[in-house]
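Student: The structure's right below; bear with me while I get my questions together.
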Amino acid sequence: MNTKSHITDGSIERFVLGFSTPEEEDELYRMKIQFLDVCTEMEEVERRIERIALNRAIIPPITVKWEIIESIRREIERKEEDEPVISSDWKVIEKALREDLEKKNELSFSQTITIHKGWLVFLIGELAIAVLGLLAMLVHHIIHRG
Amino acid sequence: MESAFTYTEYELIQGLKHRDTVVYAYLYDRYAGALYSIILDFTNDEGMAADALQETFIKIWRNIDSYDTARGRLFTWMHRIARNTVLDKLRNSEYQHSRLMKPVEGDVANLSIDDHSYVFGLRELTTNLKKEHRVLIDLSYFQGYTQEEISKQLNIPLGTVKTRLRAALAALRKMI
């Protein structure tokens, strides 16, 4: 494998400066883990670019740091609100269970009422039939006696 | 919030992955200036540069878990975030929009990069390159064009773009 071409064809610089394609990056990564000279050269170019940037550092406006800190602080707080502590979790679970149980009880009560109403209609029906039967027997008896 | 400690790259990465705010503050103190100088290589608008730096550090905080140490150094990863952030800002600005939409004439001399008020880092180094090489570094690194786009914009074959870019990077390599 000719690793020299990878070292000198600019693919390392393109990667370090951030404008190589994903395919080129994958290829370079494969070369890096396979060949020590590619790995060493990459590390060297990365360190050189970093050194240039550090040597030419320019102090940014002081407000930038505080705005970043404030953003991060708000982000951490939001995350804590989204993921409450366990005790609060239990309260939520407990409330949900209670509501669920109440719903089930209500359902059970209304079902019971429905069953009772059914029985009531049935009994009234049965009673009406019995009364009608008795009346029929009484009428029959009077006619035959007469 | 200045940090009294120093960290190795490994310690720095581990601290960041554990969302250690002290390590994060150290990271800012150590690298904000370097990343700011890189961003100022792309724009002479200090307000935009400050915004881009702020966004860069917030992205570092949010995306540190996606950083793979096997692929490259932490600074290379942060440099990429800073470059992409400022390029996005430039693309979104009206000025850059009209600039990107405007086709570049075949004569590379029309691409002026000498009007940049800030001359830092790589921008300064590229001033020592031959014009045809400097233009390719400018279009690919500083403006984010792909090699295919450069080929169309400059109306030169893709193979020529690749050859010239390779030569430009080789020349730049000697300088760094």
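The values are calculated or read from the model by the stated rules, or taken from the named source; none is laboratory data. As the structure is a computational prediction, the values presented were derived from the model and not from experiment. Heads up, the Cβs are rebuilt from the backbone with ideal geometry, glycines too, and the neighbour counts pull from every protein chain shown. What goes into the accessible areas is simple: the full protein's heavy atoms, side chains included, and nothing from ligands, DNA or RNA. Shrake-Rupley method; radii C 1.70, N 1.55, O 1.52, S 1.80 Å.
Student: Just going by the charge dipole of the range B:9-96, with Lys and Arg at +1 and Asp and Glu at -1 on Cβ, which of B:34, B:70, B:53 is farthest out on the positive end?
Tutor: B:70
Student: Also, quick follow-up: Around residue A:54, under 13 Å between beta carbons, what's the net of Lys plus Arg minus Asp minus Glu among the other residues?
Tutor: So the surrounding residues net to +3.
Student: Summarise the partner chain shielding of A:67-75 as one whole number: the mean count of Cβ atoms from other chains within 10 Å of each residue's Cβ.
Tutor: Per-residue shielding by partner chains comes out at 5.
Student: Taking only protein heavy atoms into account and a 1.4 Å probe, give the accessible area per residue of the range A:1-58 in Å².
Tutor: Per residue, the range A:1-58 has 51 Å² of solvent-accessible surface.
Student: Which whole-Hz couplings ³J(HN,Hα) result when phi for each residue of the range A:9-16 is put into the Karplus expression 6.51 cos²θ - 1.76 cosθ + 1.60, θ = phi - 60°, listed in order with x for Gly and Pro?
Tutor: 8, x, 5, 5, 5, 4, 5, 5
Student: Can you run phi through the Karplus equation (6.51, -1.76, 1.60; θ = phi - 60°) for the range A:71-79 and list ³J(HN,Hα) in whole Hz, with x for Gly and Pro?
Tutor: 4, 5, 4, 4, 5, 5, 5, 4, 5
Student: Name the residues whose placed amide hydrogens come within less than 5 Å of the amide hydrogen of residue A:58, ignoring near sequence neighbours (fewer than 5 apart) on the same chain.
Tutor: Answer set, sorted by chain and number: B:34, B:36, B:37.
Student: Considering every residue in A:44-52, what mean count of other chain Cβ atoms within 10 Å of its Cβ is obtained?
Tutor: Mean partner-chain Cβ count within 10 Å for A:44-52: 5.
Student: Mind grabbing the interface size between B and A? I mean buried accessible area, both sides, 1.4 Å probe, in Å² to the nearest hundred.
Tutor: What B and A bury together is about 4200 Å².
Student: Something else now. Which ³J(HN,Hα) values in Hz, rounded to whole numbers, follow from the phi angles of the range B:12-28 under the Karplus curve 6.51 cos²θ - 1.76 cosθ + 1.60, where θ = phi - 60° and Gly and Pro get x?
Tutor: Listing the rounded values in order: 4, 5, 4, x, 5, 5, 8, 6, 7, 5, 5, 5, 5, 5, 5, 4, 4 Hz.
Student: Could you name every residue in the range B:7-43 that has 50 Å² or more less accessible surface in the full protein assembly than in its own chain alone (probe 1.4 Å, ligands and nucleic acids excluded)?
Tutor: Hits at the 50 Å² cut-off: B:28, B:36.
Student: List the chymotrypsin sites (Phe, Trp or Tyr not before Pro) within the range B:1-90 that DSSP assigns to loop and that have no more than 12 neighbouring Cβ atoms inside 10 Å.
Tutor: The qualifying sites are B:5.
Student: For the range A:1-58, which whole percent of the accessible surface, found with a 1.4 angstrom probe, sits on carbon and sulfur atoms?
Tutor: 52 percent
Student: Pairs B:130/B:162; A:79/B:89; B:152/B:174; A:65/B:59; A:65/B:89: which are spaced more than 18 Å apart, C-alpha to C-alpha?
Tutor: Result: A:79/B:89; B:152/B:174; A:65/B:89 exceed 18 Å.
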